[in-house]
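S.K.: Before I ask anything, let me first share the structure, which is written out below as structure tokens.
Where a number appears in this text, it was derived from the coordinates with a stated rule and is not lab data. Remember, predicted model here, so these are calculated numbers, not experimental data. Heads up, the Cβs are rebuilt from the backbone with ideal geometry, glycines too, and the neighbour counts pull from every protein chain shown.
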Amino acid sequence: MTDHIPVLIIALPLLTAFILPIVGMINTRLRNILVFLVIAAVNLMLISLVQRVSIGGEVLHYVVGAADPLQVIREGLDFPIRIVLKIDGFSLFMALISGVITFVVFLFSLSYIKEGERKNYYQLLMLLIFVGMLGMEFTNDLFNFFVFLEILSIASAALVAYRTDRKHPPYAGYKYMLVSAIATSFLLMGIALCYAQYGSFNIDYIHGMMKYTLLDKMALVFMLVPLAMKAGAIPMHMWVPDTYSEAPAPISALLKTASMASLYGLFRLSFSLFGNPLEGGGMNYHTLGWIIIVMGVLSMFVGVTMALVQNDVKRLMAYHAVSQTGYMLLGVGVGIAVHAQADGGSAFKLFGRVAMMGGIFHMMNHAFYKGLLFLTSGVMARRFGTRDLNRMVGLAHRDTFTTVAFVIGALAIAGIPPLNGFSSKILLYESVYQFSPLLSIIAIFVSVLTLASFMKVFYSAFMGPERKDMIIDATPVSKGMILGMSILCVLVVGFGLFPDLVVGTIVEPAIESLVTIL
Amino acid sequence: MTDFFLYVTVVLLIFFGMVALIYKRNLIKIVIALNIIEAGINLLFIALAYRPNGTAPIFTLAPALGELKMVLPTPQALILTNIVIGFGTTALMLTLAILTYQNNHTLDIRKLRGVENND
Amino acid sequence: MFTVEKIFTQNTGIIWYPLLLVAIFLLLICILWIWGRYYFRNDYNKNTAQVKPFNSGNLDEINYPIRSGNLYWGFKKALESYFTFIESLHKGDLNDYMVWLFLSIGVVLLLVSGGLL
Amino acid sequence: MRLASFLSLVLIAAFLFVGILRLHPVGEPLGNPDVFKDRGDAITDIKNVDTMDDYYLRNGQTETGSNNLVASVVFDYRAFDTLGEATVLFIVVSSISMLFFTMIKRKGPETSGVSRIGEFPGGVSRVITFGSFLLYILIITFGIYLVVHGHLSPGGGFQGGAVMASATALLLISSLMTRNVQKTKKIFSFFESLGLTLFIGIGFVGIGVSFLSNFLANGNPLLFGKAIAFGPNPGYLVSAGTLPLLSLAIGMEVFFGLSIILVTMYHAAKDE
């Protein structure tokens, strides 16, 4: 049964999602328990895979529907004919992030979203976002990647517009849906060009037959730029603040992880589909690396400067999400650019690999502390009924736990040593400095501005006298919300104090599976 | 020579869809522009699957095996999926447009600028 | 758990004893606690006028929120031209989003045609 | 700015045009010539199998037992895509009923519902209501024909379900289905989930071999397992293993899903 695990991880939450409306009609407690069990079961399955895939270095293949699910290509043929799921270090790494964040968001929204008929649909769509992310991270088939990206986009667009009575959420949902529809249409154009060239959708098969003709490079462009747009990179990031600020708080945390699944798609396609920089091939990876670096640096700088002048808590945090995505792009961009240097990979072994490690480790850290910050912003917005910082005061008197969680999140995002932001940013600073000092200086400067903007939020919302009259919703923070936030706090502090525990076991195998190390 | 125009139609459909996306201000018209682009991409897939005077890949009461020439089945299976996904995207965007109109009483992008207490 | 974080030290050259850091932190707090008990000013007593934050002289109760909306107005004033341009991008106009997507696809396509990519 | 973007649009269109032309003229086998060796035309004389499609054309019928190769690709070779795509439709249906929930609740489904035959504003005459009732039966049977013969004739779960959903639209227009919105939506939602659970249930039943595998094909003819020889044949209803069952499940899900969307939108848009 264990070799069916890759498809079970996707099919189990899908089955629960299908029976959820029926269970929801029966009674809601049963539905909550069912969803809790499924998310916990999927997380356990993922953790059980860590031993085999990350530490053991084994790559799991699963052909859906074939007589023998483990045999990718039959004897008589030299191309796969069915859909192949492939789990390697990098996809398991991303799946773990999605699993933890979905579990925390489920716990948080148990009591954050009022119980009612619509809560059925809320939990259903949240579960399907989880399925979309897992599907995107496990398939080795281009069209299947498109279908799961579509599942992710439509489900999150509907959840962004959850509060239909308010003025702006439906329009934010419309924006998100339009952006996703355009991005997936261009992605499909790229897939059509790949299919026209090589007659198959399997990423590994196409990678083997790749001829780097003009059409392949066009397919690369049509696939990578829309995925960068979905990940929220400059200059196509403008939908991020409008969407994250209008969505309910737990959904913004889930949206951030969903956009990181598109970032995974970007890296997966640029490494596994369009050839490994090491083998050279016809693609000039130096330029591809520099495109990603420029996108990263611009995202960092514009994101943080826009965040400094914000009045709205969630918009401020959304701009930080854009600027932190810039760090990941910078890390992996430097990795690609260094890899393509013609010195036989010695520079890569020196600092290119560390830059990629920093970039990818930053993905996990960012998911945790940004999730924490979005959850605390949810409590702040719920407490004062508004998102404007000028009309919030003295939250620390009432919700001490949220204050502690916010402080941990704010220090982590700014990269203060004991917390996990620091452990990935120090890897980035050191390695990017050796690549080109100016980029590292900009990265440090952006971290300073990040800390400055979160000081603003801390002083205006948490400090100050206690004002009973400004409190709109005085219900204390419930156990589910505190449990969710405390899980993230433990992870943020834990990965900060013992980074090697994570880097050694999960991040390094992720890099080895992406780039064949010399 | 006539098949050359199949590709011209694909490119023109996608081009006009993109132009409409840039210049149109009404939310519903943007949804229509999106459908035009989806139609262009579906046509591109079907153009890839075409074989000169090939029949549909169905063997029920098909002509004799000798001169049987069939069109490729995979792109048609994908277009089936893509049409339903296009329907889904359009249905959801029209619902959100209805709700936007109900809350803001306007469908014009210029009037629907970002939140009021923005930066 | 007590291993020196080898990934860290190899690549970044900093010595990283996490548990040592925590121990030092706790030690400092204890020292401060003990030392402070004797040497801090003991003329501090609760719920007197000392507790209230200093309101720069005027007597009325501080009951207004610390308005931090324009905490960095100086920064924004200094980079006035930059911010007007940047804020004009984020106006929430859908057509602009599409404009930027097609521009970036066009630019990268030019890189491809120029043989750079 | 707009002009710059218009120029980049022209650039994208030019690239697409040059690229696709360089691809290959319509009708030639796939891909650039040096990848696909022979240029044969008739289906039988392509010597070696170069691409996935050649394999489907040659072995699809015998392997899955269905005459309609597109249905064999949709429901057997790439059944995981179809599962994902059925989820997309399920998401759209549940999000539309979620988004319109407050709007319908505010309108109150019972009172403002148009009463039985004859009360539609302007008074729908009996001819229309009775005629549409007859037509409803015909459309439903045609839809079921399409769904059940998915693996023999062009059609299948999606097309059959969509045809049947048009029958629901007919009922809504002729005001035969306007009472008690919540109850109808609950029943439709129940059957839609049932259809989807049937689909993924068949996938799980086949987990012994592998998920969504066609374990019934070429088995005993009673359970849709009749083996098919390569080449044209009159088409046997019991031939394609799990294909008819999956097609039935998808047909059920699409019919009830689209009906939910139609009923929700009809009641949301009523008397603004």
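S.K.: Compute the length gained on full extension between residue A:388 and residue A:400: take 0.36 nm times their separation in residues and subtract their Cα-Cα distance, giving the result in nm to one decimal. Before the final figure, lay out the partial values.
M.R.: On the way: separation 12, 0.36 × 12 = 4.32 nm, distance 2.05 nm.
Gain on stretching residue A:388 to residue A:400: 2.3 nm.
S.K.: Want the number for residue D:183 to residue D:2: 0.36 nm per residue separation, take away the alpha-carbon distance, what's left? If you can, show how the numbers build up before the last one.
M.R.: Details: separation 181, 0.36 × 181 = 65.16 nm, distance 5.06 nm.
That works out to 60.1 nm of additional length.
S.K.: Shifting gears a bit: Which FRET efficiency, nearest 0.05, do residue D:125 and residue B:101 yield, Cβ-Cβ r, R0 22 Å?
M.R.: Numbers: r = 34 Å, r/R0 = 1.54.
After rounding, the FRET efficiency stands at 0.05.
S.K.: For A:376-389, what's the mean count of beta carbons from other chains sitting within 10 Å of each residue's beta carbon?
M.R.: Mean partner shielding for this stretch: 1.
S.K.: Let me ask something additional. Spin-label point model (7 Å from Cα, Cβ direction): what's the residue A:165 to residue D:102 distance in nm?
M.R.: Each label point is offset 7 Å from its Cα along the Cβ direction, giving 0.6 nm.
S.K.: Any chance you could run the full-extension gain for residue A:471 through residue A:59? It's 0.36 nm times the residue separation minus the Cα-Cα distance, nm to one decimal. Show your work: numbers first, answer last.
M.R.: On the way: separation 412, 0.36 × 412 = 148.32 nm, distance 5.32 nm.
Answer, rounded to one decimal: 143.0 nm.
S.K.: Starting from the Cα of residue C:91, draw a straight line to each of the lysines and keep only those under 30 Å, dropping any in the same chain fewer than 8 residues away.
M.R.: A:167, A:175, A:230, A:256, A:314, A:370, A:456, B:24, B:29, B:111, C:76, C:77
S.K.: Could I ask something else about it? Can you find, among A:447, A:358, A:404, the residue farthest towards the positive end of the dipole of region A:348-472? Put +1 on the C-beta of Lys and Arg, -1 on that of Asp and Glu.
M.R.: With unit charges placed on the Cβ atoms, the residue in question is A:404.
S.K.: Please say if region A:419-463 is rounded, prolate or oblate, where rounded means a/c under 1.5 for a ≥ b ≥ c the square roots of the C-alpha gyration tensor eigenvalues, and otherwise the choice is prolate for a/b larger than b/c and oblate otherwise?
M.R.: Details: a/c = 7.14, a/b = 2.27, b/c = 3.15.
Taking the square roots of the gyration eigenvalues as a ≥ b ≥ c, region A:419-463 is oblate.
S.K.: Can you work out the base-10 log of I(q)/I(0) for the protein assembly as shown at q = 0.08, 0.09 1/Å, using the Debye formula on its C-alpha atoms alone?
M.R.: Here log10 of I(q) over I(0) equals -0.80, -1.01.
S.K.: Turning to a different aspect of this structure: By average Cβ neighbour count within 10 Å, what is the ranking of A:29-35, D:237-243 from highest down?
M.R.: Details: A:29-35: 16.0, D:237-243: 24.0.
Taking the mean over residues of other Cβ atoms within 10 Å, the ranking is D:237-243, A:29-35.
S.K.: Also, I was wondering about something else. Distance between the C-alpha centers of region A:157-229 and region A:9-31? Whole Å please.
M.R.: If you average the Cα positions of each part, the centres end up 29 Å apart.
S.K.: Can I ask one more? Determine the sum of side-chain charges near residue B:26: Lys and Arg each +1, Asp and Glu each -1, restricted to other residues whose C-beta is under 14 angstrom from that of residue B:26. If you can, show how the numbers build up before the last one.
M.R.: On the way: positive: B:24, B:25, B:29, B:110, B:111; negative: B:108, C:93.
Neighbour charge sum, excluding residue B:26 itself: +3.
S.K.: Select from chain B the helices, each a whole stretch of DSSP H, whose alpha-carbon atoms run 18 Å or more along the helix axis and whose Kyte-Doolittle mean is at least 1.6; answer none if there are none.
M.R.: Working: long enough: B:4-23 (29 Å, 2.61); B:27-49 (34 Å, 2.17); B:74-104 (44 Å, 0.96).
Result, helices passing both filters: B:4-23, B:27-49.
S.K.: Pick from B:104, B:42, B:82: which is most flexible by mean-square fluctuation in a GNM of chain B where alpha carbon atoms under 10 Å apart are linked?
M.R.: Of B:104, B:42, B:82, the most mobile in the Gaussian network model is B:104.
S.K.: Which value in nm describes the separation of the simple spin-label points at residue C:45 and residue A:444, placed 7 Å from the Cα toward the beta carbon?
M.R.: The modelled label-to-label distance comes out at 5.0 nm.
S.K.: Could I have the simple spin-label model distance between residue C:110 and residue A:294, label points 7 Å from Cα toward Cβ, reported in nm to one decimal?
M.R.: 0.9
S.K.: Rounded, prolate or oblate: which fits region A:80-144, taking a ≥ b ≥ c as square roots of the Cα gyration tensor eigenvalues, rounded meaning a/c under 1.5, else prolate when a/b beats b/c? Could the numbers behind the result be given before it?
M.R.: Values: a/c = 5.73, a/b = 2.02, b/c = 2.84.
Verdict is oblate for region A:80-144.
S.K.: In peptide A:494-503, how many Cβ atoms from other protein chains are near each Cβ within 10 Å, on average? Could you put the intermediate results ahead of the total?
M.R.: Numbers: counts 1, 0, 2, 7, 6, 5, 10, 5, 1, 5.
Rounded to a whole number, the mean comes out at 4.
S.K.: If we count every other residue with Cβ under 12 angstrom of residue A:188's Cβ, Lys/Arg +1 and Asp/Glu -1, where does the sum land? Intermediate values should be presented prior to the final figure.
M.R.: On the way: positive: none; negative: A:150, B:38.
Around residue A:188, the charge tally is -2.
S.K.: Another question, if that's okay. Place a +1 charge on the Cβ of each Lys and Arg in the protein assembly as shown and a -1 charge on the Cβ of each Asp and Glu, then give the dipole magnitude about the Cα centre in debye, rounded to the nearest 20. Intermediate results must be reported in sequence, preceding the final value.
M.R.: Details: 68 positive and 60 negative charges, 617 e Å.
So the dipole magnitude of the protein assembly as shown works out to roughly 2960 debye.
S.K.: Cα gyration tensor of region B:4-104, axes a ≥ b ≥ c as square roots of the eigenvalues: rounded (a/c below 1.5), prolate (a/b > b/c) or oblate? All intermediate terms of the calculation are to be shown ahead of the outcome.
M.R.: Working: a/c = 5.44, a/b = 2.16, b/c = 2.52.
Cα axes put region B:4-104 in the oblate bin.
S.K.: Can you grab the distance from the C-alpha centre of region A:449-518 to the C-alpha centre of region C:73-104, Å, no decimals?
M.R.: 29
S.K.: If you count, for every residue in A:155-166, the Cβ atoms of partner chains within 10 Å of its Cβ, what is the mean?
M.R.: Values: counts 8, 1, 6, 10, 2, 1, 8, 3, 1, 13, 6, 1.
The shielding value for this peptide is 5.
S.K.: I've got another one for you. May I ask for the net charge around residue A:374, where only other residues with Cβ less than 14 Å from the Cβ of residue A:374 are counted and Lys, Arg are +1 while Asp, Glu are -1?
M.R.: Values: positive: A:256, A:314, A:315, A:370, A:382, A:387; negative: A:246, A:312.
Combined, the nearby Lys, Arg, Asp and Glu give +4.
S.K.: Arrange the peptides D:200-207, A:49-56, A:213-220 so that the one whose residues have, on average, the most other Cβ atoms within 10 Å appears first.
M.R.: Values: D:200-207: 18.9, A:49-56: 17.4, A:213-220: 22.0.
Ranking, from highest mean packing down: A:213-220, D:200-207, A:49-56.
S.K.: Now for a separate question. Mind checking the dipole of chain A: about its Cα centre, +1 per Lys or Arg Cβ, -1 per Asp or Glu Cβ, Debye to the nearest 20? All intermediate terms of the calculation are to be shown ahead of the outcome.
M.R.: Working: 33 positive and 28 negative charges, 327 e Å.
About 1580 debye.
S.K.: Oh, and also: To the nearest 20 debye, what is the magnitude of the charge dipole of region D:67-268 about its Cα centre, counting +1 on the Cβ of each Lys and Arg and -1 on the Cβ of each Asp and Glu? Kindly include the intermediate steps, with their values, before the conclusion.
M.R.: On the way: 11 positive and 7 negative charges, 132 e Å.
Dipole size: approximately 640 debye.
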